Amino acid sequence: MSDDDSRLRPALRDRLAGHSVVVTGAGTGEGVGNGQAIGRLLAAQGAAVVCGDLHRDRAEQVAAGIRDDGGTAAAVAGDVRDPEVAAALVQAAVDLSGRLTGLVCTVGIGGATSVLHPPDPDPWQQVLDVNVTGALRCVRAAAPALVAAGGGSIVTVGSTAGMRYYQPGALAYATSKAALTGLTTSVAGELGPHRVRANTVVIGQVWSPMVAAAAARQADPAA
Ligand SMILES: NC(=O)c1ccc[n+]([C@@H]2O[C@H](COP(=O)([O-])OP(=O)(O)OC[C@H]3O[C@@H](n4cnc5c(N)ncnc54)[C@H](O)[C@@H]3O)[C@@H](O)[C@H]2O)c1
């Protein structure tokens, strides 16, 4: 256990024993992103964790860190927009512990665009595809396994940007986060009768590699 994880109250340490969770966007390398933090915390509570990310080396690094701390983890690299990647994430969880009981959709990207001054190329479609369609791909891949496990939990990572005006340029990001909340509510309605919960955790700003990169771009737009 790392120093941070060992601070968990003993009662929490085995709370998720026997559970197996896919966390997308868990491969943040330099600095700790939300996905890595979620994956490590789930593992510290006893869950087997599949760390998914676009970057293979980073996903493998986080999974290795969990194993070094005594946890159970595997890494799957690929783009959440690809249904084959979504299927591989679920299969890896089943391979780890025989079943899937949780999915955390943490992948999210920014991309500045606006009504009056859209850049060329415009990142609108890419942001919607990654943040919304990517989450749907993972939910669709995970749902049969969650139902087969007798129930489970889906969490999507939302943003206050999807609830109120955030900042200039956040048109696509804010729209995607509002859509993600709607998607999650619909998933909860459809899968609830199968004992699968779905919730969006709406977070405010936390310092992460994504936020650090945005701050650097604001400080030096030419960089
Ligand atoms: N940091 C904040 O202040 C903040 C605030 C509100 C919401 N959020 C949300 O938290 C989530 C994580 O953000 P973060 O700040 O930790 O960012 P981050 O950039 O550190 O993490 C995102 C991860 O997703 C991965 N990724 C990106 N596109 C992918 C794709 N197509 N397929 C697979 N993996 C992909 C990246 O490689 C990265 O590891 C996002 O959904 C973000 O919108 C962050």
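Couple of notes before you dig in:
- Residue that is nearest to Arg140 (Cα to Cα) [pool: residues in the range 177-213 that are β-branched (Val, Ile, Thr) and more than 8 Å from the ligand (Cβ to nearest atom)]: Val187
- Among the residues listed as Pro144, Pro168, Pro121, the single one being under 21 Å from Val76 (Cα atoms), surrounded by fewer than 16 Cβ atoms within 10 Å (Cβ to Cβ), more than 14 Å from the ligand (Cβ to nearest atom) and of a type outside the set (Phe, Trp, Tyr): Pro144
- Residue tally, condition within 16 Å of the chain's Cα centre (by Cα), among the hydrophobic types (A, V, I, L, M, F, W, C) and assigned to a helix (DSSP H, G or I), over the range 57-91: 9
- Filter result (of a type in the set (D, E, K, R) and either buried (at least 19 other Cβ atoms within 10 Å of the Cβ) or part of a helix (DSSP H, G or I) (or both)) within the range 92-118: Asp95
- In the range 94-111, residue farthest from Trp124 (Cα to Cα) [restricted to those that are within 16 Å of the ligand (Cβ to nearest atom) and among the aliphatic types (A, V, I, L, M)]: Leu103
- Qualifying residue in the range 9-16 (condition: more than 14 Å from Val107 (Cα to Cα) and surrounded by 22 or more Cβ atoms within 10 Å (Cβ to Cβ)): no
Computed from the coordinates by the stated procedures, all read-outs in this text should not be read as laboratory data. Every value quoted in this text rests on a predicted model; they were computed, and no experiment measured them. Heads up, the Cβs are rebuilt from the backbone with ideal geometry, glycines too, and the neighbour counts pull from every protein chain shown.
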